[in-house]
1. Would you check which residues across the range 91-102 are assigned to a loop (DSSP other than H, G, I, E, B) and open to solvent by less than 60 Å² (accessible area, probe 1.4 Å) and list them?
2. Looking at 50, 55, which is the one that is part of a helix (DSSP H, G or I), without any contact (Cβ under 8 Å) to a residue 40 or more places away in the chain and open to solvent by less than 60 Å² (accessible area, probe 1.4 Å)?
3. All but one of (1) part of a loop (DSSP other than H, G, I, E, B); (2) open to solvent by 50 Å² or more (accessible area, probe 1.4 Å); (3) closer than 28 Å to residue 105 by Cβ hold for residue 37; which doesn't?
4. Yes or no: the range 82-90 includes at least one residue that is open to solvent by 50 Å² or more (accessible area, probe 1.4 Å) and over 13 Å from the mean Cα position of the chain (by Cα).
5. Please find, among 129, 118, the residue that is within 17 Å of residue 148 (Cα to Cα) and in contact (Cβ under 8 Å) with a residue 12 or more places away in the chain.
6. Which of the residues that make up the range 105-146 are surrounded by fewer than 16 Cβ atoms within 10 Å (Cβ to Cβ), modelled with pLDDT under 90 and either assigned to a helix (DSSP H, G or I) or hydrophobic (A, V, I, L, M, F, W, C) (or both)?
7. May I ask you to list pairs of residues, at least six apart or on different chains, whose Cβ atoms are under 9 Å apart, with the first in the range 4-19 being at pLDDT below 90 and the second being open to solvent by less than 100 Å² (accessible area, probe 1.4 Å) and not in a loop (DSSP other than H, G, I, E, B)?
Amino acid sequence: MPRSASFRAVIDRATPDDLTSLVTDVGPAPMQIGAVLLLDTRDGFDPAKARDALAQRVHAIPRLRQRLEPTPFGCGRPVWVDHAGFDIGQHIAVVDAPAGDGDLNAVLWVAADLVATRLPRERPLWAARLVPIDDRSAALVVVFHHVLA
């Protein structure tokens with residue numbers, strides 16, 4: 001193989017903006033972004049199928065399976081690497097609305113709790129919750145750290 005056509009590994013380093021998001025993430029309120037998507041489930045809601053559909057889509061987006069790995073002193077900024085222990089079950093869960101309220105306020109409590117709970121840095125920095133609301137609707141709550149956004 002000609003030298004110019006040889007394979008070169010690409011190192012995906014954290015950007016200066018990534019580092020800013022990480023080092024300023026101090027105090028009780030984590031730098032996380034959340035979204036609530038309301039789902040029409042009049043045709044039925046199977047939480048296991050919904051979880052599996054999300055898992056398939058996550059595998060199509062490499063960054064959602066990666067974490068930042070620090071480098072030795074003097075070797076530059078942290079690098080994005082595939083998380084060897086990636087387990088979709090650590091990121092997606094089905095939860096009931098608090099106290100079985102079954103309304104949007106209960107979903108917002110789930111969302112507020114998830115956004116306010118610091119995501120573990122040793123895993124990819126996102127989480128999702130599927131929340132059945134009633135026979136006609138459910139919600140998907142998704143939270144990402146700013147470094148992914």
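The values are calculated or read from the model by the stated rules, or taken from the named source; none is laboratory data. Note that the structure is predicted; figures quoted are calculated from it, not measured. Neighbour counts are summed over all protein chains in view; Cβ atoms, including those assigned to glycine, are modelled from backbone coordinates with ideal geometry. Surface accessibility is based on the protein's heavy atoms, side chains included, excluding ligands, DNA and RNA. Shrake-Rupley method; radii C 1.70, N 1.55, O 1.52, S 1.80 Å.
1. 91, 95, 97, 102
2. Values: 50 fails: without any contact (Cβ under 8 Å) to a residue 40 or more places away in the chain.
Just one listed residue meets the conditions, 55.
3. Result: residue 37 passes all but (1).
4. Of the residues in the range 82-90, the ones open to solvent by 50 Å² or more (accessible area, probe 1.4 Å) are 82, 84, 87, 90.
Of the ones still in play, those that are also over 13 Å from the mean Cα position of the chain (by Cα) are 82, 84.
Yes, the range 82-90 contains at least one residue that is open to solvent by 50 Å² or more (accessible area, probe 1.4 Å) and over 13 Å from the mean Cα position of the chain (by Cα).
5. Numbers: 129 fails: within 17 Å of residue 148 (Cα to Cα).
None of the other options fit; the residue is 118.
6. 105 - this is the single residue of the range 105-146 that is surrounded by fewer than 16 Cβ atoms within 10 Å (Cβ to Cβ), modelled with pLDDT under 90 and either assigned to a helix (DSSP H, G or I) or hydrophobic (A, V, I, L, M, F, W, C) (or both).
7. Filtered contacts from the range 4-19: 11/79; 11/80.
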